[in-house]
Each structure stands twice: as structure tokens, then as C-alpha cells.
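Note sheet for the following structure.
The values are calculated or read from the model by the stated rules, or taken from the named source; none is laboratory data. Note that the coordinates shown come from a computational prediction; the quantities given were computed from them, not determined experimentally. In this analysis, Cβ positions are derived from the backbone assuming ideal geometry, glycine residues included, and neighbour counts consider all displayed protein chains. For the accessible areas, the whole protein counts, side chains as well, though only heavy atoms, and no ligand, DNA or RNA atoms are used. Shrake-Rupley method; radii C 1.70, N 1.55, O 1.52, S 1.80 Å.
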Amino acid sequence: MDTVWLSGAEWVAVLRIGLGLWWLESWRHKDRKGWFERGTGIAWAADVAGKHKWGFVKSGFTKVVEPRPKVMAYIVVYAELALGLGLILGFLTPIALVGGLLLNLLYLVLMIHDWAEQGQNAMMGLISFVALFGMSWQTWSLDSAIGLF
């Protein structure tokens, strides 16, 4: 499919790269010192999960995240960095797209009451879906250059 300026495959790659920049910005603006040293990110999430209207969110958070707050802080923060770099560079792109989709779904469920947050996660999820099924790794990517996928 051709458009005036770019081909269809190139537009899907633009979406992938834009999504990668969005994840990179999410990583960049985090107060990493607060997350890693003071535990502010996980403490905030614990407060949200504790008040959640769905019981499985609170119990899941209590069983999985609360016992290991420092490890989970590193996982969240560096997952966002890895997703951003993977999508921008087009490296392990399908894995990054599925991982980002799952992380957005997790954020979506945790923040079910916050419509502003829901909009961001819904848009990121939609872009991930389009980039995944549009096989965005075929254009402007390391995956394509080295013959992965």
C-alpha cells in the first residue's frame, strides 16, 4: 500500500518508533532515585491496589509485588527502558510489542479508576497491536537487517 509520502510498511514502522519513544519518555521522567532508594513507585502502586474495586488486584499485588518491592521497582523501570530501546531500534520487536502490550494491560487493570491514565494505556496498547499485526519489524529495524523474524 502506498501513500503520498511513505509506504504502508513505513507508516507502521513510524508507529513502532513513536511507541518506543513514548516508552523511553515514560522511563526518562521517572524519579529513579525515588523508585529505587525510597520505594515511592511501588508504595504508590500498593496504595492504588489496596483501594482497588477488584479483589484479585489487591490479592495479586500483595502476593507478587509487596514481598519484593525493590526487585519489582527495577523490573518496572528497566522494562520501560528495554521496551523503548527495542522498539526504536527494531530489535526483538515482536517480543517488545507483546511485552509492552502486557505491561499496558497491567497498568490498565491497576488504574481502572483513572480515565486519564486509561487513555494513555489504551492508545499504547492499540499502537502495539497495530505494530504487531502490521509486522513493523520488517522496515527500518535491526530485526530486518540481521534476518530475525
How do Glu117, Glu80 rank by accessible surface area computed with a 1.4 Å probe, from largest to smallest? Glu117, Glu80
Rounded to the nearest 10, the angle in degrees between the Cα long axis of helix 69-89 and the longest principal axis of the Cα atoms of the chain comes to 10
Accessible carbon and sulfur surface of region 3-149 relative to its total accessible area, %, 1.4 Å: 72
Using the crude model of +1 on Lys and Arg Cβ and -1 on Asp and Glu Cβ, and no other charge, please compute the dipole size for the chain relative to its Cα centre, in debye to 20. 640
Looking only at aspartates and glutamates whose Cα falls under 15 Å of Lys63's and that sit 8 or more positions away or on another chain, we get Asp47
Going Cα to Cα from Lys53, which aspartates and glutamates come in below 20 Å? Please leave out same-chain ones fewer than 8 positions away. Glu66, Asp114, Glu117
Roughly how many Å is it from the Cα centre of region 89-149 to that of region 1-29, as a whole number? 11
Checking rank on 12-18, 68-74, with mean other Cβ inside 10 Å and highest first, the result is 12-18, 68-74
Going toward the positive end of the dipole of the chain, with +1 on Lys and Arg Cβ and -1 on Asp and Glu Cβ, which of Ile146, Trp22, Phe36 do you reach last? Phe36
Top mean-square fluctuation among Ser136, Ser26, Ser128, Gaussian network model of the chain, C-alpha springs under 10 Å? Ser26
Hey, of (1) 27, 15, 14; (2) 22, 16, 15; (3) 32, 16, 13, which did the structure itself give for semi-axes √(5λ) of the Cα gyration tensor in Å when calculated? (3)
